[in-house]
Amino acid sequence: MKLFLLAGEASGDRLGADLMRGLRHLTPDVTFRGIAGPEMQSEGLDSLFDMSELSVMGLAEVLPKYFALKRRLDQTVAEVLAWKPDILITIDSPDFSLRVARAVRAADPKIRTCHYVAPSVWAWRAGRAKKMAGFIDHVLALLPFEPPYMEAEGMACDFVGHPVAAQAPITSKQIAKFHADYALDPARESLVILPGSRPSEIKRLLPVFCQVLSEPCFADFQLIFPTLPHLEPLLCEALEGLPQETVLVTGSGLSAAAAAEERLVAYGAAKAALAASGTVSLELAAAGTPMVIAYDMGLISRLIIGAMLQIDTVTLVNLVSETRAVPEFIGRDCKAAQIAPALRQILSAPAAQAQAIEETMSRLGRGDPELPYRAARAVLKGLQ
């Protein structure tokens, strides 16, 4: 059996590596080719070119690299068509990967196509599912409520669980080591602060978060800022005015897996979190950490996205648990005067989110011994 896998960023590389392990466990006679990062390469996939070439975001980054990306797209399509795999599996990164799938389908309709990570059509731009259906046969969804949206357009879709559900619960021993490594006082409470993973997000959100944290009621908390190494200077400059003791957790010098684990332990070491919206809410849920979510964007983006949104909450814990347990402050509501009381409330009653967090992790697959093999089984079922 021949599978061509295409990942364009680190999260997709992790999903791809897990899928490869699951497929080998279920059917050892399998051969892989494709585009991969270090995790998929460690599983034996010789990447057609360096995956990092595809890790660009936004118009300002894409335009200068347009012709290089177009060459890589044409090269990828040609490789798929020449090798004729049993299935092409594109993993997230829809701007590149779905263009590849569309071109392959147009040139050779016999090659089966599968897209791993359903687009968030339940939130906005519902028309994306209909467009995908013209060249995608099968979708692997990470969230339990996504299959009906894909199936309604004629694609097969399986909910395969979310990788965050495979994370082992944080132990007191891990938290004690974390306190020691970062010289934190275990007798004092900590807050974990997550103002985003892109410079533009941090520049917009961190001043608001710092305004919240400057209130006297938060003065005695130790502040933990998990971030990425290249963002450390930006954070250090912005945090100079805060009176609290702050530590930055960058994962510098660690493997990708070790850095991800340290980040999860940082979440578990905190009494509560103040975080930007996104998948980080599921990571906080995996660590059992109650949270307040806040996010803002530029005025034009706010107006456009606000007009297109089809849901009343953007927080994944709320959506998966079918509750509104996690308070969120989005767009014009992203103000310190509104966020601070919500954070105080969470700190006074941290158990209030416990049921929603537990329900979220259960629905995402925690505790299911078959979780590591769900995606692989779905792929094999689709080939029958």
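Numerical summary
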read-out: Flag if Pro119 is in the same structural domain as Gly8 (by TED's automatic domain parsing), within 27 Å of Ser362 (Cα to Cα) and not in a loop (DSSP other than H, G, I, E, B); value: no
read-out: Complete set of residues in region 10-48 that are in a loop (DSSP other than H, G, I, E, B), surrounded by 23 or more Cβ atoms within 10 Å (Cβ to Cβ) and touching a Gly at 6+ places or on another chain (Cβ under 7 Å); value: Ala36, Leu45
read-out: Pair list, Cβ < 8 Å and 6+ apart or interchain, from region 80-109 residues that are in the same structural domain as Leu48 (by TED's automatic domain parsing) and at positive phi to residues that are of a type in the set (A, V, I, L, M, F, W, C) and at pLDDT 95 or above; value: Lys84/Ile111; Ser93/Leu6
read-out: Members of region 237-265 found to be in a loop (DSSP other than H, G, I, E, B) and within 25 Å of the chain's Cα centre (by Cα), listed by number; value: Thr250, Gly251, Ser252, Gly253, Leu254, Ser255
read-out: Test: residue in region 367-384 that is assigned to a helix (DSSP H, G or I) and free of Cβ contacts under 8 Å to residues at least 12 places away in the same chain; value: no
read-out: Criterion: of a type in the set (A, V, I, L, M, F, W, C), in a strand (DSSP E or B) and buried (at least 18 other Cβ atoms within 10 Å of the Cβ) - qualifying residue of Leu223, Leu231; value: Leu223
read-out: Complete set of residues in region 219-245 that are β-branched (Val, Ile, Thr) and at pLDDT 95 or above; value: Ile224
read-out: Per-region count, region 122-171, residues farther than 19 Å from Asp368 by Cβ and part of a helix (DSSP H, G or I); value: 10
read-out: Number of positions in region 248-288 that are at positive phi and surrounded by fewer than 18 Cβ atoms within 10 Å (Cβ to Cβ); value: 3
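To keep it simple, each residue is scored yes or no on (1) within 30 Å of Cys114 (Cα to Cα); (2) in contact with a strand residue (DSSP E or B) (Cβ under 6 Å, 6 or more places away or on another chain); (3) acidic (Asp, Glu); (4) outside the structural domain of Cys334 (by TED's automatic domain parsing).
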site	(1), (2), (3), (4)
Glu146	yes, no, yes, yes
Cys157	yes, yes, no, yes
Leu184	no, yes, no, no
Val192	no, yes, no, no
Cys210	no, no, no, no
Pro243	no, no, no, no
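The values are calculated or read from the model by the stated rules, or taken from the named source; none is laboratory data. This structure is a prediction, so every number in the text was calculated from the model and none was measured. So basically every Cβ, Gly included, is an ideal-geometry build from the backbone, and we count neighbours across all protein chains shown.
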